[in-house]
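See structure below.
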Amino acid sequence: DAGVIQSPRHEVTEMGQEVTLRCKPISGHNSLFWYRQTMMRGLELLIYFNNNVPIDDSGMPEDRFSAKMPNASFSTLKIQPSEPRDSAVYFCASSLGSGTGRYEQYFGPGTRLTVT
Amino acid sequence: AQSVTQLDSHVSVSEGTPVLLRCNYSSSYSPSLFWYVQHPNKGLQLLLKYTSAATLVKGINGFEAEFKKSETSFHLTKPSAHMSDAAEYFCVVSDSRTGGFKTIFGAGTRLFVKA
């Protein structure tokens, strides 16, 4: 298996622009997680999905952030409009999910976002 | 409620000496516990996991951890450090009651390995 795939790996954009980050989870995994990592705040859970349904989005910082999972093999995290304080590494992770007893998450390589 | 505390933000060891990274957890239910490693500019990689089977868990790269319920600890150890072990390590607890959705990451311990 190719593991969790994220694109792009690096994104540089100007303040006010829309940014879309993409994630393909491991095939067969039912749970998907989006995280943000910064030096100041460490690793923060933004949102997670189970069977394509958002379960908890309480970690999403504000309305500028939105996430979708239209099918089992694809998810997006969108920031509109972007701000410099959104600069961070964004990770996507997936796990087999509820009912399997297998809760370990597998992480993608991350997207390094820089907003100037 | 769940929580996880990594007792050291930084640990420095010499190559060839033992490694001990400490983690205490709190969970109202039977927890699943994990250790992840993150090398610079990389994603997080699963080192090992405890899910109510054997209390001594062996992971990759010679690491192991022991689940001690009486001490609510899940410390990570390795007998002999290698330069390639220099990285950040995260202790993680999941609440099995919620199907693993409530996952709490520790703040991380950065391991330095001196030649």
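The values are calculated or read from the model by the stated rules, or taken from the named source; none is laboratory data. Note that the structure is a prediction, hence the values are computed from the model and not measured. Because the Cβ atoms are built from the backbone with ideal geometry, glycine has one as well, and the counts that use them run over all protein chains shown.
For residues that are polar (S, T, N, Q) and not in a strand (DSSP E or B), scanning just the range B:14-46, find the one that is nearest to A:G110 (Cα to Cα). Can you show your working first?
Here is the first cut: in the range B:14-46, the ones polar (S, T, N, Q) are B:14, B:17, B:24, B:26-28, B:30, B:32, B:38, B:41, B:45.
Still in the running and not in a strand (DSSP E or B): B:17, B:27-28, B:30, B:41.
On the way: B:T17: 32, B:S27: 29, B:S28: 32, B:S30: 31, B:N41: 9 Å.
That would be B:N41.
For residues that are among the aliphatic types (A, V, I, L, M) and modelled with pLDDT under 95, scanning just the range B:1-43, find the one that is farthest from A:Q37 (Cα to Cα). First the steps, then the outcome.
If we filter the range B:1-43 for residues that are among the aliphatic types (A, V, I, L, M), which is where we start, we get B:1, B:4, B:7, B:11, B:13, B:19-21, B:33, B:37.
If we keep only those that are modelled with pLDDT under 95 as well, we get B:1, B:4, B:33.
Details: B:A1: 23, B:V4: 18, B:L33: 21 Å.
It comes out as B:A1.
Hey, among B:S80, B:S84, which residue is farther than 28 Å from A:F49 by Cα, of a type in the set (S, T, N, Q), in contact (Cβ under 8 Å) with a residue 60 or more places away in the chain and not in a strand (DSSP E or B)? Show your work before the answer.
Values: B:S84 fails: in contact (Cβ under 8 Å) with a residue 60 or more places away in the chain.
Checking each option against the conditions leaves just B:S80.
Would you mind telling me which numbered condition in (1) surrounded by 13 or more Cβ atoms within 10 Å (Cβ to Cβ); (2) in contact (Cβ under 8 Å) with a residue 12 or more places away in the chain; (3) under 13 Å from the mean Cα position of the chain (by Cα) A:D57 fails?
Just one mismatch for A:D57, condition (2).
Take B:L76 and tell me if it is crowded, with 19+ Cβ neighbours inside 10 Å and either closer than 28 Å to A:R9 by Cβ or in contact with a strand residue (DSSP E or B) (Cβ under 7 Å, 6 or more places away or on another chain) (or both).
Values: crowded, with 19+ Cβ neighbours inside 10 Å: yes; either closer than 28 Å to A:R9 by Cβ or in contact with a strand residue (DSSP E or B) (Cβ under 7 Å, 6 or more places away or on another chain) (or both): yes.
Criteria met by B:L76.
Sort out for me the strands (runs of 3 or more DSSP E) sitting completely within the range A:13-103 that have 2 or more residues that are hydroxyl-bearing (S, T, Y). Before the answer, list the steps.
Values: elements: A:19-24, A:31-38, A:42-50, A:53-56, A:65-71, A:74-79, A:88-95.
Correct list: A:31-38, A:74-79, A:88-95.
For B:G100, only one of the following conditions fails: (1) modelled with pLDDT under 95; (2) over 12 Å from the mean Cα position of the chain (by Cα); (3) surrounded by fewer than 20 Cβ atoms within 10 Å (Cβ to Cβ). What is its number?
B:G100 satisfies all of (1) modelled with pLDDT under 95; (2) over 12 Å from the mean Cα position of the chain (by Cα); (3) surrounded by fewer than 20 Cβ atoms within 10 Å (Cβ to Cβ) except (3).
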